[in-house]
Amino acid sequence: MNPFAMPVTFSLLLALGVVGVIDVGGYHLFSLRLYRDPCARHEQLAHLSRGALYVAMLCLVVPFTPRGRWVDVGFAIFAADAVNTLVDTALERHSRPAGLPHGEYMVHVAGSVLVGAAAMAYGFEAWPMRAQSTALVARGPGTWMWWLPVVVVAVVVLAEAALHAHARWTHRTATAQPEGVAGDGGGRVEKSWTKALWLYANLALGLAAVPFGLSWRSAAGGLALAFLTLCVGHSVGLHRGVIHRTYETSPVARGVFAALFALAGLGGPVSWIRVHFTRDHWQNRPRCPAYFGYDHGLLRDYHWNLHCRFVPARDADFGIPEGDLRDPHLCFLERTWYVWPLLLAAVIALAFGPAVAGVTCCLRVAVGVLGHWFVGFVSHKVGYVRYGVEGASAEGRNVFFLGVLSFGEGFHNNHHAVPGSARMGVKWYELDAGWLVVRALEAIGVVHTVRAWHRPGFEAKATASPIAPRFVFHREAPIGS
């Protein structure tokens, strides 16, 4: 281990990183906002390619020193960057015929000089190492310190990629915005930068922490927190308890469940209640606005659900309980929901280190957000059904492996048929962990008056009826119609 290997290349690459952050952050994203310009789409792709190449070069040289064949990888990266630069220069003439701003031009000149100097320095310093055995040698103690510049640059590149992708999808879906929502007075769909930033920031930090914080203990801790927050907090506490009222409980227990939901990092409880009631209102009707339907594809649904938000015009139109909208504890968590995952991450970082916090908190939150969206999308498109719901535009699908992984939420055809049931699994093999939690809480007296489809006195949904079980591979007309 030699922390001072290849010092000239090392220093020039770090200086190039500073220039690159100024170029991308200061000009491309902030001043010029190139991601909004359709004419600069191909130039943006060249910029993203350069960013990816630079991150790869930083990974090769900053935390490690290449030996043997790894040296050739560095030469290949520099060669690819030279070709990419020529392409970028040609594209700029078409996307920006008026020329570059003087400041950006000077930044480009400085960057080109640093890239050329870094390539020559790499050639002189790395060439003797080609004869050694192939390996990536760590620079020494304090590994996280060497990875810090890599993470910073990667976050900037990911931000540029996210903004570019968001702008592209916004442009492509501008004419396909969810009809029947804003037009009928039901509400509006609007962009949510905070929603997207929360997801991608947690994802970037979580992935960056994996090489340093992932272990059997941290994985077990992350899974335990996921069970408490997603299963107990979200599925049992908010979804089955507050929204569908499938059981009764004390105000204290209800507050604890809501706090666990906030720690899941999925959003504010009142916002989730609003969206859920509005979605159920539309999906139980023959015609459903596109935002709440599933006639579109995976990428469009990803864009709408994770980069936009729905704001209802009148809560009373969708049967949202006034008591939930005015509940002091829920409203407090609605205003401060993002604080609690950050505080939990800070406590874990102080106790076990920032890398463990990144795995157990940041990565868990990102996987939870992406997982919830993915389960919701797939369980409305593909799976087996055993119920039809008359007059409904969406009846859900049962997806076995997603149902097990999502604590019962993936048995969605069952849930559409009997939404007031605390038990979402119907057959013995439909493992519903949320129902097991409800039974355990009932046994110790935390919840009572539990309503489930198989218990006496349960009133089933009048429009739902059993049908011959079958598998649905694609979107089709409602089964119960």
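The values are calculated or read from the model by the stated rules, or taken from the named source; none is laboratory data. Since we're looking at a predicted model, the values are computed, not measured. Heads up, the Cβs are rebuilt from the backbone with ideal geometry, glycines too, and the neighbour counts pull from every protein chain shown.
Side notes on the structure shown:
- Tally, over region 260-289, of residues that are surrounded by 17 or more Cβ atoms within 10 Å (Cβ to Cβ) and assigned to a helix (DSSP H, G or I): 18
- Residue among Phe407, Phe401, Phe411 that is within 21 Å of Ile243 (Cα to Cα) and out of contact with any strand residue (DSSP E or B) (no Cβ under 9 Å at 6 or more places or on another chain): Phe407
Residues are listed down the side, and each one gets a yes or a no for (1) over 24 Å from Val438 (Cβ atoms); (2) assigned to a loop (DSSP other than H, G, I, E, B); (3) assigned by TED's automatic domain parsing to the domain that holds Ala204:
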| site | (1), (2), (3) |
| --- | --- |
| Val347 | yes, no, yes |
| Val356 | yes, no, yes |
| Thr360 | yes, no, yes |
| Gly371 | no, no, yes |
| Tyr387 | no, no, yes |
| Ala392 | yes, yes, yes |
| Leu402 | no, no, yes |
| Phe407 | no, yes, yes |
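- Within region 225-248, residues that are in the same structural domain as Cys361 (by TED's automatic domain parsing) and closer than 24 Å to Arg455 by Cα reach partners that are among the acidic types (Asp, Glu) and surrounded by fewer than 24 Cβ atoms within 10 Å (Cβ to Cβ) with beta carbons closer than 8 Å, at six or more positions or on different chains, in the pairs Val242/Asp324; Tyr247/Glu442.
Each row is one residue, and each column tells you yes or no for (1) in a helix (DSSP H, G or I); (2) of a type in the set (A, V, I, L, M); (3) surrounded by fewer than 18 Cβ atoms within 10 Å (Cβ to Cβ); (4) in contact with a Pro (Cβ under 6 Å, 6 or more places away or on another chain).
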position	(1), (2), (3), (4)
Tyr291	no, no, no, yes
Asp295	no, no, yes, no
Leu299	yes, yes, yes, no
Tyr302	yes, no, yes, no
Asn305	yes, no, no, no
Phe310	no, no, no, no
Ile320	no, yes, no, no
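- From the options Val83, Val19, Val55, residue that is over 21 Å from Val155 (Cβ atoms) and of a type outside the set (Gly, Ala, Ser): Val83
- Residue match in region 391-407 (condition: touching a Ser or Thr at 6+ places or on another chain (Cβ under 7 Å), closer than 26 Å to Trp282 by Cα and surrounded by fewer than 16 Cβ atoms within 10 Å (Cβ to Cβ)): yes
- In region 76-110, the residue that is surrounded by the fewest Cβ atoms within 10 Å (Cβ to Cβ) out of those that are over 33 Å from the mean Cα position of the chain (by Cα) and among the small types (Gly, Ala, Ser) is Ala98.
- Test result for Val73, under 19 Å from Tyr105 (Cα atoms), among the hydrophobic types (A, V, I, L, M, F, W, C), in the same structural domain as Val137 (by TED's automatic domain parsing) and in contact (Cβ under 8 Å) with a residue 12 or more places away in the chain: no
- Meets criteria (assigned by TED's automatic domain parsing to the domain that holds Val156 and surrounded by 17 or more Cβ atoms within 10 Å (Cβ to Cβ)) for Asp37: no
- Selected residue [free of Cβ contacts under 8 Å to residues at least 40 places away in the same chain and under 25 Å from Ala226 (Cα atoms)] from His454, His412: His412
- Residue within region 208-223 that is at pLDDT 90 or above, touching a Leu at 6+ places or on another chain (Cβ under 8 Å), assigned by TED's automatic domain parsing to the domain that holds Leu325 and farther than 26 Å from Gly353 by Cβ present: no
- Selection count where residues are under 27 Å from Val404 (Cα atoms) and of a type in the set (A, V, I, L, M, F, W, C), scope region 346-377: 15
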